[in-house]
Amino acid sequence: MLTVAKGVNLAVMFLLELGVLASVGYWGFTVSPHLALRLLAGLGGPALFIAVWAIFGAANDPVVRLTGVARAMLEILWFGGGAVALVASGLVTTGTIFAALYILNAVLRLVWNQV
């Protein structure tokens, strides 16, 4: 049963990662009445988040991959950025729920040594 719960927790982590990209994209497309700025923020924001996560969060290279406090700070900034994007878009309740899900997921990953 615990193995299933751990697998579900990792799946939730993946869905939260996708949620960050969707949140930042949504924020970008709602940030301005100007089409050019909406396109830049709506496409550029998620692209920037993808690049940061690919380099530092998902890297298999031991020289680049962050661990310990640096990894925790990356996750807090990355997932927090998704929650802030939702709040900035006017979706305060959704942003709060997103942040709470991330915190629960992170605590379970620490308890279950899934870091």
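The values are calculated or read from the model by the stated rules, or taken from the named source; none is laboratory data. Not measured: the values here are computed from a predicted model. Neighbour counts run over all protein chains shown; Cβ positions are idealised from the backbone, glycine included.
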Being closer than 15 Å to Thr94 by Cα and touching a Phe, Trp or Tyr at 6+ places or on another chain (Cβ under 6 Å) is the filter here, so list the residues in the stretch 22-46 that pass it.
Val24
Among the listed residues Gly19, Gly68, which satisfies the condition of being surrounded by 14 or more Cβ atoms within 10 Å (Cβ to Cβ) and of a type in the set (Gly, Ala, Ser)?
Gly19
Residue check, Leu104 modelled with pLDDT under 95, touching a helix residue (DSSP H, G or I) at 6+ places or on another chain (Cβ under 9 Å) and surrounded by fewer than 16 Cβ atoms within 10 Å (Cβ to Cβ)
no
Has the stretch 20-28 got any residue that is out of contact with any strand residue (DSSP E or B) (no Cβ under 6 Å at 6 or more places or on another chain) and within 25 Å of Asn113 (Cα to Cα)?
yes
Looking at (1) at pLDDT 95 or above; (2) farther than 14 Å from Ala22 by Cβ, find the lone condition where Gln114 falls short.
(1)
Given the condition loosely packed, with under 14 Cβ neighbours inside 10 Å, of a type outside the set (S, T, N, Q) and more than 16 Å from the chain's Cα centre (by Cα), answer yes or no: does some residue in the stretch 71-85 qualify?
no
Tell me yes or no: at least one residue of the stretch 53-64 is modelled with pLDDT of 95 or more and within 17 Å of the chain's Cα centre (by Cα).
no
Right, Leu40: surrounded by 13 or more Cβ atoms within 10 Å (Cβ to Cβ) and within 18 Å of Phe98 (Cβ to Cβ) or not?
no
